[in-house]
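Step one of this worksheet: look at the structure below.
The values are calculated or read from the model by the stated rules, or taken from the named source; none is laboratory data. Please read these numbers as outputs of a predicted model, since none were measured by experiment. SASA here: full protein model, heavy atoms, side chains in, ligands and nucleic acids out. Shrake-Rupley method; radii C 1.70, N 1.55, O 1.52, S 1.80 Å.
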Amino acid sequence: MPPNDTPTQPAPRPEEPMPMVDDFPPPELRIPGPDQLGGRMMPWPWPIVLDQQVVTCAGCGTYRDWLVLSTDDGIQLRCRAGHQQHEERLDIVWYNRHAGPADATHATHATFEDCLRHLGH
């Protein structure tokens, strides 16, 4: 019988375990999860038009330069004068679509007032 010319393959080795990694990603690159935040807010300098009507502040009548707050209670609009009102026609989907993803460049603040100062309100 002629010799077998096909090379023999080595027997498969058991997979080596993955090395353990200390906390990935590092703490300075992590962002808080939704359960760790009281809410999110973003500036909205433009008028908000819902149902073909411009939303105005119930306290002072302004119609732009809002802070849009997303909390467990829904969406709140806050004018520069500090009046705040619930807006039932907006939801978290609208907020996320317009705010974009949160990442390490978004600031987090210990208090609501710190965040207001950061955003110039």
Practice task
Could you tell me what percent of the accessible area of the stretch 41-119 is made up of carbon and sulfur, with a 1.4 Å probe and every protein chain present?
Solution key: 49
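Measuring with a 1.4 Å probe in the full set of protein chains, what accessible area per residue, in whole Å², belongs to the stretch 41-119? The partial results should precede the final answer.
Values: 5060 Å² over 79 residues.
I get 64 Å² per residue for this part.
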Exercise for the section: Quote to one decimal, in nm, the extra length available between His86 and Leu119 on full extension: 0.36 nm per residue of separation minus the C-alpha distance between them. Expected result: 9.9 nm
